[in-house]
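Worksheet: the structure to be examined is printed underneath.
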Amino acid sequence: MRSPLYALAGLALLAGLAAFLVIGPDRGGEEIQLRPDDPDEIALGRRVYDAECASCHGAGLQGQTDWQSPGTDGLMPAPPHDETGHTWHHPDAMLFALTRDGLGAVLGDPDYESGMPAFAGRLSDDEIRAALSFIKSTWPAEIRAAHDEINDRAAPQ
């Protein structure tokens, strides 16, 4: 019976994400802000997404089938990055840290197993920001506005 393990994993994920929102990522004081209206950023982001992300998250940002249930390997499938997924529910800084450093780092658990690799050392910070900016550029206006509000709430006061 694996459901208690999934419940605990879910609680750990929520606790880690809550801690992230309170403490924030260690970015050396650098402010991360996506640029979904910058054509050059979007063009670079599309190239990075196609090369590094689409194989798991889908060319149309649709994610993997049954992405909300663990796969046979016990890992969660890649979620969609379109408006049907949860990507837009997280502030820019969290999306950046998760992509650069991996989910285990964001959760504060270096042993956390995830199918999502950390891209630090593989992609530059500019490439990561561009890929995330490309993703945001595809969202409908109301989703982008909601994401902007999430960023505003997460910004240091």
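The values are calculated or read from the model by the stated rules, or taken from the named source; none is laboratory data. Worth saying up front: this structure is predicted, and the values here are computed from it rather than measured. Here the Cβ is made from the backbone with ideal geometry for all residues, glycine too, and neighbour counts use every protein chain on show.
Listing for the model above:
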{"quantity": "The stretch 26-54 - residue that is modelled with pLDDT under 95 and either over 15 Å from ARG144 (Cβ atoms) or over 16 Å from the mean Cα position of the chain (by Cα) (or both) and, of those, surrounded by the most Cβ atoms within 10 Å (Cβ to Cβ)", "calculated": "ILE32"}
{"quantity": "Those residues of the stretch 116-138 which are surrounded by 14 or more Cβ atoms within 10 Å (Cβ to Cβ) and not aliphatic (A, V, I, L, M), in sequence order", "calculated": "PHE119, ASP125, GLU127, ARG129, SER133, PHE134, LYS136, SER137, THR138"}
{"quantity": "Unmet criterion (only one of (1) under 27 Å from ASP152 (Cα atoms); (2) small (Gly, Ala, Ser); (3) surrounded by fewer than 18 Cβ atoms within 10 Å (Cβ to Cβ)) for GLY71", "calculated": "(1)"}
{"quantity": "Every pair of residues 6+ apart whose Cβ atoms lie under 6 Å, when the first sits in the stretch 133-147 and is farther than 16 Å from PRO80 by Cβ and among the polar types (S, T, N, Q) while the second is at pLDDT 95 or above and part of a helix (DSSP H, G or I)", "calculated": "SER133/GLU41; SER133/GLY45"}
{"quantity": "Options ASP101, ASP66: the member that is surrounded by fewer than 20 Cβ atoms within 10 Å (Cβ to Cβ), charged (D, E, K, R) and without any contact (Cβ under 8 Å) to a residue 60 or more places away in the chain", "calculated": "ASP66"}
{"quantity": "Criterion: within 20 Å of ARG46 (Cβ to Cβ), modelled with pLDDT of 90 or more, small (Gly, Ala, Ser) and within 12 Å of the chain's Cα centre (by Cα) - qualifying residue of ALA118, ALA78", "calculated": "ALA78"}
